[in-house]
Amino acid sequence: MHLGASLPVGDVGTGPTPMRDYAQAAEGLGFDYVLAPDHVLGGNPNVDYGGRRVGTTATAYHDPFVLFAFLAGVTKKLGFASGVIILAQRQAALVAKQAACLDALCEGRFRLGIGVGWNEIEFQGLGMDFSTRGKRSAEQVRFMQALWAEPSITFKGEFHQLDDGGINPRPKAGRVPIWFGGHAEATFKRAAKYGDGFMPLQYPAGDDALKAFAKLRGLIEAEGRDPAAVGLEVWVSPGKGTPDDWRKEIGFWKKAGVTHVTVHTTYVSNHHKRIAGKSYADHLDAITRYRATVADLL
């Protein structure tokens, strides 16, 4: 089981020093990877949106490709994962190029987590259709995988066309691992058909998670693929529960076949809770204590 840590960009600052120091500290503690989210645009935080869910500019987000390229130069073996790139609001060929370049610079330490997005204002500002983001994203994955695999391709889809063209550099492995985030039925099917991994964050440790994992494995087998070849990632909260609770949760996820666990210090949901503090020291202390508590179970 691989253990990662989130990068708390919005709390500790966007400058090179906290980013470098936090990544190097995570690497020194024995974490396998760090994870960062993606938001290109946000709404005005001073506007009343009438109850609508709108992400704003109140929190800072680094572009993951820029951030990880920087961190690749100041770490040695630490992995990087996007959690998640909102693929449908970006040009697929450009993402394929960025991911391939990052793959070269970090020597294969990058996993490309993708999602369809929910913040419509981003699609507006980037000139992308919000209503077709699901099916467009599915085609984007096929287009990118083709670009990574061969020096020159011909591709004709509903949203993408290319006549005998390609990218250079391409990833040495001919592939950048794609991990799907989300829990919609269509996402399960896309992850089973095209994915190297799946990040279903909706489920706490329990029967619902086991049912979701079983469904995914059945869909993978139906595609003629080996379920063992598709990873599973969940996020855990050091801001919630006791060290004994953390050990029980890690034990559950390991038994369930989870391959990657991200210690997330800022994520909030029905079963995730951010840590109380916001300083660099608060975040580093949280991930340090968590890893020390569960290290023998990994």
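A few points about this structure:
- C-alpha long axis of helix 280-294 to longest principal axis of the chain, angle in °: 80 degrees
- Taking the three principal axes of the alpha carbon atoms in the range 175-298, the coordinate ranges are 46, 28, 24 Å, sorted in descending order.
- Averaging the sequence gap over all C-alpha pairs within less than 8 Å and six or more residues apart, then dividing by the number of residues, gives the chain a relative contact order of 17 percent.
- Taking all pairs of distinct alpha-carbon atoms in the range 31-101, Kirkwood radius in angstrom: 14.0 Å
- Once both labels are positioned 7 Å from their Cα atoms along Cα-to-Cβ, the gap between ALA184 and LEU94 label points is 2.2 nm.
- Nearest-ten-degree value, helix 133-149 long axis tilted from longest Cα axis of the chain: 80 degrees
- The Stokes-Einstein estimate for the range 173-214, based on a Kirkwood radius over Cα pairs and taken at 37 °C with 0.692 mPa s viscosity, is a diffusion coefficient of 299 µm²/s.
- Beta bridges assigned by DSSP with both partners in the chain are antiparallel in approximately 10 percent of cases.
- For the cross-link pairs LYS211/LYS254; LYS135/LYS193; LYS211/LYS273; LYS77/LYS273; LYS240/LYS278; LYS193/LYS215, the ones whose C-alpha atoms lie over 18 Å apart are LYS211/LYS273; LYS77/LYS273.
- The label point for ALA149 and the one for LYS77, both projected 7 Å from the Cα toward the Cβ, are 3.2 nm apart.
- Under 19 Å from a label point set 7 Å out along the Cα-to-Cβ vector of ALA229, the amide N atoms of the range 74-118 belong to 111-112.
- Helix 92-105 axis versus longest C-alpha principal axis of the chain: approximately 50°, rounded to the nearest ten.
- Local charge for TYR267 was computed over the other residues whose Cβ lies under 13 Å away, with Lys and Arg +1 and Asp and Glu -1, and equals +1.
- Peptides 133-145, 109-121, 246-258 ranked from most to least packed by the mean count of surrounding Cβ atoms within 10 Å: 109-121, 133-145, 246-258.
- Length gained on full extension, LYS135 to ASP296: 53.7 nm, using 0.36 nm per residue less the C-alpha separation.
- At R0 = 35 Å, FRET efficiency that the Cβ-Cβ distance of ARG142 and ALA281 yields, to 0.05: 0.20
- Computed per residue of the chain from DSSP H runs no shorter than four, each worth -39500 (n - 2.57), the mean residue ellipticity at 222 nm is -12500 deg cm²/dmol.
- Cα-derived Rg to Rh of the range 119-252, Kirkwood definition: 1.05
- A simple spin-label model places pseudo-atoms 7 Å from Cα toward Cβ; at ALA222 and ALA173 they are separated by 2.7 nm.
- For the range 2-297, alpha-carbon Rg relative to the globular expectation (2.2 N^0.38 Å, N residues): 0.98
- Additional length obtainable on full extension of the chain from ARG289 to ASP163, 0.36 nm per residue less Cα span: 40.0 nm
- Taking Lys and Arg as +1 and Asp and Glu as -1, the other residues whose beta-carbon sits under 13 Å from that of ALA286 total +3.
- Highest mobility in the GNM of the chain, judged by mean-square fluctuation with C-alpha springs under 10 Å and restricted to THR56, THR242, THR14, is found for THR242.
Rule-based calculations on the coordinates, nothing more; no lab input. None of these values were measured; they are calculated from a predicted model. Methodologically, a virtual Cβ is constructed for each residue, glycine included, from the backbone with ideal geometry; neighbour enumeration extends over all protein chains shown.
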